[in-house]
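Asker: The structure follows.
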Amino acid sequence: MQYMLLIYEDERIYGPDRESPAARERRAQHIAYSRELGATRLAGSGLKDSTAATTIRTAAGKQTLHDGPFAESREQLGGYYLIEAPDLDAAIAVAKKVPLSQNGAVEIRPLLVPG
Amino acid sequence: MTSAALGLVFREASGRIVAALASRFRDLDLAEDSFADACARALEAWSREGPPRDAAAWLYRTAYRCAVDTLRRRRTEHRFAPELQRNAIEEQPLPDEWTPIPDERLRLIFVCCHPAVALDARAALTLRLVCGLATREIARAFLLAEPTLAQRLIRAKRKIAEAGVSFEVPEPEAWPERLDAVLSTIEIAYGRAHEDAAGSGPHFNYAAEMLEITRVLAELLPHEAETAAMAAIVRFAEARRPARVDAHGIMIPLADQDPAAWVEPLIADARRYLDRAVSLRPRAPRVLQASIHAAWCARRTLAEPPPWSEILALYDELLRVRDDSIVRLNRAVALAEVRGVDAALAEIESLAPRPLDDFLPYHAVRADLLCRAGRCDEALVAYDAALALVATSAERLWLERQRAALTE
């Protein structure tokens, strides 16, 4: 099965341009982690700060553009991995090792279409 | 064969058969539906020809064929059937008369109690699939409307199917987390059964199921201290059930129960499980809890003083490995007897009250302590809070009597 791992963290700790020491350290960890995953990792990337986000909302069929992310909350979607795993337990094992600051979350979502 | 006798066969066989089908076809709905189909066919065939020699094996074979038929039908209906189903159909020959039903209940318990399944659905799902209880019975035990519970079961099964929950028994590294999820599920389920002292209320039916499921778990995992401890706890508690209510249907607190009314064979059984647990991990939280039950059940007569100091010492140890409000509350009861009511009240008042506001024993214990401390007005308020939460008649009558004694 294919699973999406969605990484949520308080993005402020990484600084607006993602150049803080914390950001550099985390980036190095992600590179090492991706290498470790090998063929399990199908895709993945960090995302720019949520201040760079633009959201198109549709209400009653009418589209409006908004500056900012879909949901305003302390933790923001900051990156993702797309992985191949035989079952949820295997995906959980992979997701538990995603580099993360002291607080945050990784959401595991199976893809609708089996890969 | 009467339909009641058939019901018993179905109930007893259902856990093993549904588990075997579920792990074979990796599909809970298919397993349940096929078993239901097999039961329907049995009713018809057995009333015509009489029941077969091995009714369970007959049901398993028939359910297995029903499952394979359903999969074939699905494959013709949707030409893009997933690979997995094709394998499921073609991998193995159909079971014949000599095929034993594989015991896959442990696997199914781990599926139902996966931490990815909503906590409030795990116990219900286990009771439904592993113990074969009807949705109606479980709903009654959980004090929920049947459609609410049915909805919860559907959501849980969908989650298991869609998230790809594994049908394997977990790997060693995931073991502690997963086993704990299983044991806390059983605790929740048994807690429901135990709340009802008279054992005549809505929870009556499945205290027996809890004996069975803990026996199975302890048998399947003989080297885990806490599974043996869990089996011991349920037995100690069930052994005391006949002494928990008086002739007027009023609950009798543990220290006032007549040990002569306790069920000796169940206590002996519990002790065997506890001995095994203690030899494996004497300081594990559930082993200490079982030891507390054992200390109570060692009392021979009402004339013998209750073992309060021993109970308090065990709670002190338990507190070191599991420090939570409920352990502290239970410890306070022993504390009151050993060091006095004031010490116990101070301990209880130091608990964060918010999470225990909905917890009946918190209000009941507090009311009793306040009353003994001579703080009658506060005790009345606490009894009212307890009465607002009580759901079973034996407990209600007891609380009402205690409260009435205050105002005399």
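Asker: Specify the residue with the greatest mean-square fluctuation among A:R24, A:R41, A:R57, computed from a Gaussian network of chain A linking alpha-carbon atoms under 10 Å apart.
Answerer: A:R57
Asker: Excluding residues on the same chain fewer than 8 positions from A:K48, give the lysines whose Cα lies under 25 Å from its Cα.
Answerer: Once the sequence-local lysines are set aside, what remains near A:K48 is A:K96, A:K97.
Asker: Under 1.5 on a/c is rounded, so check that first for the range B:203-321, then, if it is not, pick prolate when a/b is larger than b/c and oblate when it is not; a ≥ b ≥ c are the square roots of the alpha carbon gyration tensor eigenvalues.
Answerer: Details: a/c = 2.09, a/b = 1.26, b/c = 1.66.
Because a/c hits 1.5 or more and a/b fails to exceed b/c, the range B:203-321 counts as oblate.
Asker: Set the Förster distance to 45 Å, then compute FRET efficiency between A:A32 and B:D29 from the Cβ-Cβ distance, nearest 0.05.
Answerer: Details: r = 42 Å, r/R0 = 0.93.
It comes out at approximately 0.60.
Asker: If I model a spin label as a point 7 Å beyond the Cα along the Cα-Cβ vector, how far apart are those points for B:R11 and B:E408 in nm?
Answerer: 4.2
Asker: Would you report the distance distribution of C-alpha pairs in chain A as whole percents per 5 angstrom bin, up to the bin with the largest distance?
Answerer: Result returned by the calculation: 2, 11, 20, 20, 17, 15, 10, 4, 1, 0.
Asker: Connecting C-alpha atoms closer than 10 Å in a GNM of chain B, tell me which of B:T227, B:T76, B:T392 has the biggest fluctuation.
Answerer: Top of the fluctuation ranking is B:T76.
Asker: Using a basic spin-label model with each label point 7 Å from the Cα along Cα→Cβ, how many nm lie between B:T99 and B:R401?
Answerer: Rounded to a tenth, the inter-label distance reads 5.7 nm.
Asker: How high is the relative contact order of the range B:103-199? Use alpha-carbon pairs under 8 Å, at least six apart in sequence, and give a whole percent. It would help to have the intermediate numbers written out before the result.
Answerer: Numbers: 78 pairs, mean separation 38.4, N = 97.
Dividing the mean separation by the residue count of the range B:103-199 yields 40 percent.
Asker: Taking chain A as a Gaussian network, where each spring joins two C-alpha atoms under 10 Å apart, which residue of A:E36, A:E75, A:E11 fluctuates the most?
Answerer: A:E36
Asker: Quote the Stokes-Einstein diffusion coefficient, in whole µm² s⁻¹, for the range A:1-54, based on the Kirkwood radius over alpha carbon pairs, a temperature of 37 °C and a viscosity of 0.692 mPa s. List each step's numbers first, then the result.
Answerer: Numbers: Rh = 12.6 Å.
It diffuses with D of about 260 µm²/s by this estimate.
Asker: Show me the three semi-axes of the equivalent ellipsoid for chain B, from the C-alpha gyration tensor (sqrt of 5 times each eigenvalue), largest first, rounded to whole Å.
Answerer: Working: eigenvalues 392, 96, 87 Å².
That gives 44, 22, 21 Å for the three semi-axes.
Asker: Turning to a different aspect of this structure: What angle do you read, to the nearest 10 degrees and between 0 and 90, between the alpha-carbon axis of helix B:3-25 and the longest principal axis of chain B?
Answerer: 70
Asker: Also, I was wondering about something else. Could you state the orientation-averaged shadow area of the convex hull built on the Cα atoms of the range B:274-376, in nm² to one decimal? Let's see the in-between values first.
Answerer: Working: hull surface 29.6 nm².
The directionally averaged projection comes out at 7.4 nm².
Asker: Turning to a different aspect of this structure: Rg over Rh of the protein assembly as shown, using C-alpha atoms and the Kirkwood radius, what does it come to?
Answerer: Values: Rg = 27.5 Å, Rh = 26.8 Å.
The Rg/Rh ratio comes out at 1.02.
Asker: While we're on this one: Could you work out the helix-only [θ] at 222 nm for chain B, with each DSSP H run of four or more residues adding -39,500 (n - 2.57) and the total divided by the number of residues, to the nearest 500 deg cm²/dmol? Before the final figure, lay out each step's value.
Answerer: Details: 19 runs with 280 residues, N = 408.
Taken over chain B, the calculation gives -22500 deg cm²/dmol.
Asker: Right, another one. What FRET efficiency would be calculated for the residue pair B:S350, B:Q151, taking the C-beta separation as r and a Förster radius of 45 Å, to the nearest 0.05? It would help to have the intermediate numbers written out before the result.
Answerer: On the way: r = 40 Å, r/R0 = 0.89.
Taking R0 as 45 Å, the efficiency between B:S350 and B:Q151 is 0.65.
Asker: If you don't mind, there's one more thing I want to ask. Helix B:285-297 versus the longest principal axis of chain B: what is the Cα-based angle in degrees, 0 to 90, to the nearest 10?
Answerer: Approximately 60 degrees, to the nearest ten.
Laboratory data are not the source of any read-out in this text; all were calculated from the coordinates shown. Only a predicted model underlies this, so the values are computations on that prediction, with no experimental measurement involved. All Cβ positions, glycine included, derive from the backbone under ideal geometry; neighbour counts span all protein chains shown.
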